[in-house]
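In what follows, a single structure is set out as structure tokens and then discussed.
No value in this document is a laboratory result; all are computed from the given coordinates. Because the structure is predicted, anything quoted here is derived from the model rather than measured. Every residue, glycine among them, receives a Cβ derived from its backbone with ideal geometry; neighbour counts consider all protein chains shown.
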Amino acid sequence: MLWYALRRLVLTLPLLIGITFISFGVIHLAPGEPVDLQAGDLNAQSSAQARQLLREMYGLDQPLAVQYGNWLGRLARLDFGRSFAPDARPVLQKIGERLPVTLMLNIVELLIIVALAVPIGMVSATRQYSAFDKITTVFVFVGFATPDFWLALLLMILFGTELGWLPISGLRSLNWEYMSFWRQQWDFVGHLILPILVATFGGLAGFSRYMRQSMLEVIRQDYIQSARAKGLSERVVIGKHALRNAMLPLVTILGLSLPGLIGGSVIVESIFAIPGMGQLMVQAVFERDYPVIMGNLVIVAVLTLVANLLADIAYGLVDPRIRMSGRGGRR
Amino acid sequence: MRDFWQAFAKNRLAVVGGLIVLSLVLLAVLAPVLAPSDPNRPNLRNMLGEPSRGHPLGTDQLGRDVFSRMLYGARVSLAVGFVSVGIATAIGIVLGSLAGYNGGVVDATIMRLVDLLLVFPRFFLLLAVLAFLRPSIWTIMAVIGLTGWMGVTRLVRAEFLALKEREFVLWSQAVGATGFRVVWRHILPNAMAPVLVAMTLGIPAAILTESGLSFLGLGVQPPFATWGNILNEGKDAIEIAWWLSFYPGLAILITVLSYNLLGEGIRDALDPRLRQSRRRLAASRG
């Protein structure tokens with residue numbers, strides 16, 4: 001197992017370097033001169049300034065290799081430079097305060113999605129073409145097609161404005177400081193309900209679909225037949241033998257869909273004014289705060305990479321065949 | 001081909017999806033004829049007007065007719081969907097064929113690049129790129145296309161790996177056809193079915209991405225109407241003018257849903273294995 005994990009780790013390193021390559025390439029996207037490029041912008045002045053700063057910061061007049069070397073050197077020291085915003089704080093610090101919020105949101109989302117998608121997929125697969133299966137299939141198609149920002153707006157109208165049940169902005173109420181400890185916790189949870197509802201909606205559709213598919217394939221296998229033939233109850237056959245095998249591909253899909261989930265926080269955080277990395281990214285793009293943009297891009301990609309690595313290792317842990325084949329490959 | 005149409009026609013949802021897609025295309029093309037008023041003409045006497053006979057979907061902050069704006073918005077969605085998926089598919093076919101046909105170092109390099117780009121959360125990458133460019137419908141199309149070719153590449157490569165060992169390919173190689181000819185005349189045509197499905201399913205994804213970007217205010221810029229930026233303007237008036245937020249979102253939902261139904265229908269109709277198992281299942285149930 002250790003070998004398998006190490007192997008995955010080593011395979012990850014080139015991707016890490018690749019991330020720096022792509023991000024470095026993005027900096028050099030800007031074609032032409034800054035002023036005429038931004039001529040149509042309202043903030044042409046400020047973006048010309050930003051570009052000047054950018055040129056100084058990354059030494060854009062030096063040869064590419066030198067630029068890249070310098071940039072990489074700073075990255076290695078976790079130095080992302082200072083924000084172009086008036087506060088001019090270090091980018092790492094800015095991102096650091098927002099990272100926990102985004103991480104927490106995404107982890108909670110993921111847990112809810114898996115907790116709901118597994119039973120939903122399992123039931124629709126074992127009762128294929130039943131009313132439940134048909135209803136969830138409709139839900140899946142609608143879930144795929146619903147724009148998350150629209151769902152967020154509708155929920156804000158319903159629960160925030162019309163019913164007045166839930167807060168629709170930020171993570172804390174204005175009078176948070178004056179609340180008792182438990183009220184504070186409740187207030188926090190209340191602020192999270194709508195964003196998490198919106199963020200899980202689309203993902204849930206996808207995952208329950210995969211789970212159903214995977215389960216359908218598993219229950220047609222011979223070993224399920226033999227488990228039945230052995231006289232095991234349907235409960236044990238489905239709940240133990242089938243479920244375990246059906247959940248394996250889910251681990252991979254989990255890893256693959258992480259970038260999408262994390263990317264989704266851009267819209268959710270912007271709408272609900274949640275101070276996470278997604279909101280920071282949007283603000284930075286509007287303000288042309290390039291160091292923050294680049295820092296965000298690199299950190300988000302590295303996070304996804306780490307999450308993928310964890311998913312791979314988890315896959316190896318639950319499925320012995322994977323780590324065995326890994327060993328076979330080395331021989 | 002007849003098999004395909006028969007199987008497709010049996011799938012009622014897919015047919016409905018296809019018909020809606022067709023009518024959306026018609027609506028978009030005929031927008032200048034159908035729109036009751038100029039989508040960009042403000043009318044300060046009728047700002048945030050409720051849906052009425054003259055304005056079936058109401059008016060916005062500047063008194064512009066929402067229905068007309070949405071018709072023009074359909075053009076943007078359609079154009080972005082088709083062009084960006086066209087770009088992504090073209091790149092995907094070229095790189096996927098190169099990787100699948102050549103194997104070896106070429107394959108390894110291209111596939112690592114695919115892995116690499118898939119590590120970037122799409123929206124963060126899109127925003128980072130857009131921060132350096134001036135947002136316009138062309139940049140949006142290009143950027144969505146250029147960041148969305150990885151799936152098609154994988155798909156085409158997988159098809160090539162399966163097809164290049166088949167007799168008709170080996171035979172044409174044996175009689176001395178050039179690599180390009182083998183790929184172009186013999187392998188690609190046989191690999192197009194899954195690509196077609198991927199394209200049909202890629203269009204709604206691109207439409208969702210564009211409307212998301214426009215909703216954030218980083219996509220197609222006003223005064224050009226798109227469903228996303230109508231929603232963006234609508235969200236500020238959400239408490240007094242629900243129609244500004246409701247209808248564009250509904251239009252996106254219906255569009256994406258129809259493309260998805262159509263795409264899944266095409267896939268099911270193309271996949272004989274699936275068709276057979278379904279038939280067997282139906283037989284065992286009946």
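Starting from segment B:250-272, take each residue that is more than 8 Å from chain A (Cβ to nearest Cβ) and closer than 16 Å to residue B:22 by Cα and list its partners that are of a type outside the set (Val, Ile, Thr) and outside any helix (DSSP H, G or I), counting only C-beta distances under 6 angstrom and pairs at least six apart or across chains.
Short answer, once both residue conditions are applied: B:265/B:11.
So for segment B:45-60 (the condition being closer than 16 Å to residue B:227 by Cα and β-branched (Val, Ile, Thr)), does at least one residue qualify?
Scanning segment B:45-60, I find at least one residue that is closer than 16 Å to residue B:227 by Cα and β-branched (Val, Ile, Thr), so the answer is yes.
Please return the ranges of helices (runs of 4 or more DSSP H) entirely within segment B:1-70 where 3 or more residues are crowded, with 17+ Cβ neighbours inside 10 Å and not charged (D, E, K, R).
B:12-29
Sort through A:252, A:304 and tell me the only one that's within 8 Å of chain B (Cβ to nearest Cβ) and in a helix (DSSP H, G or I).
Exactly one residue qualifies, and that residue is A:304.
Looking at segment B:83-99, which of its residues are in contact (Cβ under 8 Å) with a residue 24 or more places away in the chain and buried (at least 18 other Cβ atoms within 10 Å of the Cβ)?
B:83, B:84, B:85, B:87, B:88, B:89, B:92, B:93, B:95, B:96, B:97, B:99 - these are the residues of segment B:83-99 that are in contact (Cβ under 8 Å) with a residue 24 or more places away in the chain and buried (at least 18 other Cβ atoms within 10 Å of the Cβ).
Every residue in segment A:260-294 that is facing chain B (nearest Cβ under 10 Å) and among the small types (Gly, Ala, Ser), please.
A:260, A:263, A:264, A:265, A:270, A:278, A:284 - these are the residues of segment A:260-294 that are facing chain B (nearest Cβ under 10 Å) and among the small types (Gly, Ala, Ser).
Quick check: anything in segment A:197-208 more than 18 Å from residue B:257 (Cα to Cα), touching a Leu at 6+ places or on another chain (Cβ under 6 Å), away from chain B (no Cβ under 13 Å) and in contact (Cβ under 8 Å) with a residue 12 or more places away in the chain?
The answer is no, given that none of the residues of segment A:197-208 is more than 18 Å from residue B:257 (Cα to Cα), touching a Leu at 6+ places or on another chain (Cβ under 6 Å), away from chain B (no Cβ under 13 Å) and in contact (Cβ under 8 Å) with a residue 12 or more places away in the chain.
Taking the criterion of being loosely packed, with under 15 Cβ neighbours inside 10 Å and in contact (Cβ under 8 Å) with a residue 40 or more places away in the chain, would at least one residue in segment A:144-159 satisfy it?
no
Looking only at segment A:222-243, which residues are exposed (fewer than 14 other Cβ atoms within 10 Å of the Cβ) and either within 30 Å of residue A:148 (Cβ to Cβ) or touching a residue at least 12 places away in the same chain (Cβ under 8 Å) (or both)?
A:223
Tell me which of these residue A:162 doesn't satisfy, since it passes every other one: (1) within 11 Å of chain B (Cβ to nearest Cβ); (2) free of Cβ contacts under 8 Å to residues at least 40 places away in the same chain; (3) of a type outside the set (S, T, N, Q); (4) surrounded by 15 or more Cβ atoms within 10 Å (Cβ to Cβ).
(4)
Per-residue answers, yes or no, for (1) away from chain A (no Cβ under 14 Å); (2) touching a residue at least 60 places away in the same chain (Cβ under 8 Å); (3) over 22 Å from residue B:82 (Cβ atoms):
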position: B:131; (1), (2), (3): no, no, yes
position: B:140; (1), (2), (3): no, yes, no
position: B:145; (1), (2), (3): yes, yes, no
position: B:148; (1), (2), (3): no, yes, no
position: B:152; (1), (2), (3): yes, yes, no
position: B:176; (1), (2), (3): yes, no, yes
position: B:185; (1), (2), (3): yes, no, yes
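Among the residues in segment A:126-137, are any in a helix (DSSP H, G or I), among the hydrophobic types (A, V, I, L, M, F, W, C) and within 14 Å of another protein chain (Cβ to nearest Cβ)?
No, the conditions are met nowhere in segment A:126-137.
Any chance you could count how many residues in segment B:200-217 are of a type outside the set (S, T, N, Q) and either surrounded by fewer than 21 Cβ atoms within 10 Å (Cβ to Cβ) or in contact with a Lys or Arg (Cβ under 9 Å, 6 or more places away or on another chain) (or both)?
Selection size over segment B:200-217: 3.
All but one of (1) within 14 Å of chain B (Cβ to nearest Cβ); (2) more than 21 Å from the chain's Cα centre (by Cα); (3) among the polar types (S, T, N, Q) hold for residue A:146; state the number of the condition that does not hold.
For residue A:146, the failing item is (2).
Can you pull out the residues in segment A:71-97 that are without any contact (Cβ under 8 Å) to a residue 12 or more places away in the chain, under 18 Å from residue A:22 (Cα atoms) and surrounded by 13 or more Cβ atoms within 10 Å (Cβ to Cβ)?
A:74
Determine whether residue B:74 is in contact with a helix residue (DSSP H, G or I) (Cβ under 9 Å, 6 or more places away or on another chain), part of a helix (DSSP H, G or I) and farther than 12 Å from residue B:35 by Cβ.
Spelling it out, it is not the case that residue B:74 is in contact with a helix residue (DSSP H, G or I) (Cβ under 9 Å, 6 or more places away or on another chain), part of a helix (DSSP H, G or I) and farther than 12 Å from residue B:35 by Cβ.
A quick yes/no check of all residues on (1) free of Cβ contacts under 8 Å to residues at least 24 places away in the same chain; (2) over 29 Å from residue B:190 (Cβ atoms):
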position	(1), (2)
B:22	yes, no
B:34	no, yes
B:45	yes, yes
B:60	no, yes
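Can you find, within segment B:136-161, the residue that is farthest from residue B:208 (Cα to Cα) among those that are outside any helix (DSSP H, G or I) and among the hydroxyl-bearing types (Ser, Thr, Tyr)?
Selected residue: B:136.
Looking at segment B:218-240, which of the residues that are assigned to a helix (DSSP H, G or I) and more than 9 Å from chain A (Cβ to nearest Cβ) is surrounded by the fewest Cβ atoms within 10 Å (Cβ to Cβ)?
B:236
Return the total of residues in segment A:232-246 being among the charged types (D, E, K, R) and either outside any helix (DSSP H, G or I) or farther than 19 Å from residue A:319 by Cα (or both).
The number of residues fulfilling the criteria is 2.
Given the residues B:185, B:112, which is the only one that is touching a helix residue (DSSP H, G or I) at 6+ places or on another chain (Cβ under 8 Å), over 30 Å from residue A:28 (Cα atoms) and assigned to a helix (DSSP H, G or I)?
Of B:185, B:112, the one residue that is touching a helix residue (DSSP H, G or I) at 6+ places or on another chain (Cβ under 8 Å), over 30 Å from residue A:28 (Cα atoms) and assigned to a helix (DSSP H, G or I) is B:185.
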